[in-house]
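The values are calculated or read from the model by the stated rules, or taken from the named source; none is laboratory data. Bear in mind that the values here come from a model prediction, so they are computed numbers and not experimental data. Cβ: placed from backbone, ideal geometry, glycine included. Neighbour counts: every protein chain shown. The accessibility values were calculated without ligands, DNA or RNA, using every heavy atom of the protein model including side chains. Shrake-Rupley method; radii C 1.70, N 1.55, O 1.52, S 1.80 Å.
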Amino acid sequence: MYELAYFRANLEAIRDRLSTRGFALNTEEFLDLDRRRRAALTEVEQLRAFRKKESAEINKARQAGADTSERQERMREVGERIASLESEAEKDETAFRELLASIPNLPHESVPVGRTEADNLEVRRWGNPPEFDFEPKAHWDLGPELGILDLERAAKISGARFAVYWKAGARLERALINFMLDAHTREHGYTEVLPPFLVNSGALFGTGQLPKFAEDLFRIEERDLWLIPTAEVPVTNLYRQETLEADRLPIKLCAYTPCFRSEAGSYGKDVRGIIRQHQFQKVELVKFCRPEASYQELESLTADAEDILRRLELPYRVVALSTGDLGFSSAKTYDLEVWLPGQNAYKEISSCSNFEAFQARRAAIRVKAGKKTEPAHTLNGSGLAVGRTWVAIVENGQQRDGSVVLPAALRTYVNAERITRSGEMA
């Protein structure tokens, strides 16, 4: 969401910058709506001033015994004209706000320009992919063989893109959630919060999912409630319509939640296994900060997410998304991609984004420093997606005998060193 005066004053530059995202801003539509809306409001103000002055003069004339019927009829006509203009202005205002709400965020100047994910820029790598003296398996084969992942029974009770975890599989998922939360709260300085998993439309508008991405969400029928697609939504909206004192910032929050996504438009992508699910678990990191600090905070948030991967000894790379691959609300995003040997590829496990003031304007989150009040900057990132971390541990830790060796950092959480061929931990 944009500050209107800035948008109006920089329309051509904004259009050109948005074009790098593949977004065609209709400047004529914007200017026409803005012109009509402002003209209607100006005329309403002028007519109201005229009516106020004329009404006072009519009252004086009536007190003097003059016939004011014609002048009163004119005032009724003026009143009708005001009502008509107000109705037109309200319609134009709604269309105008809908237009502004449909425009994505401006990419930061440091974002690589490109059309698709093929234009993303690799920033760095950590760790070396493991070498196997056997053909490594993908988790959709290895998990069922160990008896820790069951996609068939999940499909029976819920349909495609759901999973059931058994025995060590369920225990590993739970251990990962606790491990991530402990690291972020005890060592990275985040405050843990457990938010609702259902939110209203205002919350989803605030973070940019509505109105544009309604088809990607699950909605509760006949209620203004939606299942959250990520903890970003409820956690960011904790401070909706609030003003934060600058000396409180940065505010750093982390939350575990299940996440629910319809995955509309993703048909054919990652159809096997649990990479792309309708329901999955995630630990999310959210920050609120002053505008001048947000890019420094983006780097530290990304480092916090990377630290989890390093502790789990999982090879990964960091990729700066190109303008054409940015999310709707993001000004800059780093994707962390973990190595999955069973698929011989890096796969996204976290997106760390700076939204600058985009979400804060939509959600009316402001920061006050002295006499100055302005929109806060918001950031978030996965720290990490738990299911994909589960996949990475199982695929990278697999052994020739079919067992899985667990990272040292997790062993105190499960009191075990490996997942055995029987699907237990030992």
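Among the strands (runs of 3 or more DSSP E) confined to the stretch 362-407, the ones with at least 2 residues that are within 22 Å of Leu106 (Cα to Cα) and of a type in the set (Val, Ile, Thr) are located at 365-369. Tell me, which residue of the stretch 408-426 that is of a type in the set (D, E, K, R) and assigned to a loop (DSSP other than H, G, I, E, B) is farthest from Lys282 (Cα to Cα)? Only one residue tops the list, namely Arg421.
Test Glu152 against the stated conditions and say whether it is among the acidic types (Asp, Glu), out of contact with any His (no Cβ under 6 Å at 6 or more places or on another chain) and more than 29 Å from Leu253 (Cα to Cα).
yes
Go through the stretch 370-426 and give me each residue that's of a type in the set (Val, Ile, Thr), open to solvent by 30 Å² or more (accessible area, probe 1.4 Å) and closer than 30 Å to Thr243 by Cβ. The answer is Thr373, and nothing else. Which of (1) in a loop (DSSP other than H, G, I, E, B); (2) farther than 24 Å from Pro196 by Cβ does Ser329 not meet, given it meets every other one? Result: Ser329 passes all but (2).
Considering the conditions (1) open to solvent by less than 40 Å² (accessible area, probe 1.4 Å); (2) over 18 Å from the mean Cα position of the chain (by Cα), Ser300 is excluded by exactly one of them, (1).
Look through the stretch 265-303, keep the residues that are part of a helix (DSSP H, G or I) and out of contact with any strand residue (DSSP E or B) (no Cβ under 6 Å at 6 or more places or on another chain), and return whichever of them is nearest to Ala138 (Cα to Cα). Applying the filter and picking the extreme gives Ala303.
If you take the residues of the stretch 306-322 that are in contact with a Ser or Thr (Cβ under 9 Å, 6 or more places away or on another chain) and assigned to a helix (DSSP H, G or I), which of them is surrounded by the fewest Cβ atoms within 10 Å (Cβ to Cβ)? Checking each candidate, the answer is Glu306. Residue count for the stretch 88-122 satisfying the condition of being part of a helix (DSSP H, G or I) and open to solvent by less than 50 Å² (accessible area, probe 1.4 Å): 7. The residue that is most open to solvent (accessible area, probe 1.4 Å), among those in the stretch 323-353 that are among the charged types (D, E, K, R) and within 30 Å of Glu135 (Cα to Cα), is Glu348.
Table: residues versus (1) hydroxyl-bearing (Ser, Thr, Tyr); (2) under 13 Å from the mean Cα position of the chain (by Cα); (3) under 17 Å from Pro234 (Cβ atoms).
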position	(1), (2), (3)
Phe358	no, yes, no
Ala363	no, yes, yes
Lys368	no, no, no
Lys371	no, no, no
Ser382	yes, yes, yes
Thr389	yes, no, no
Ile393	no, no, no
Gly397	no, no, no
Asp401	no, no, no
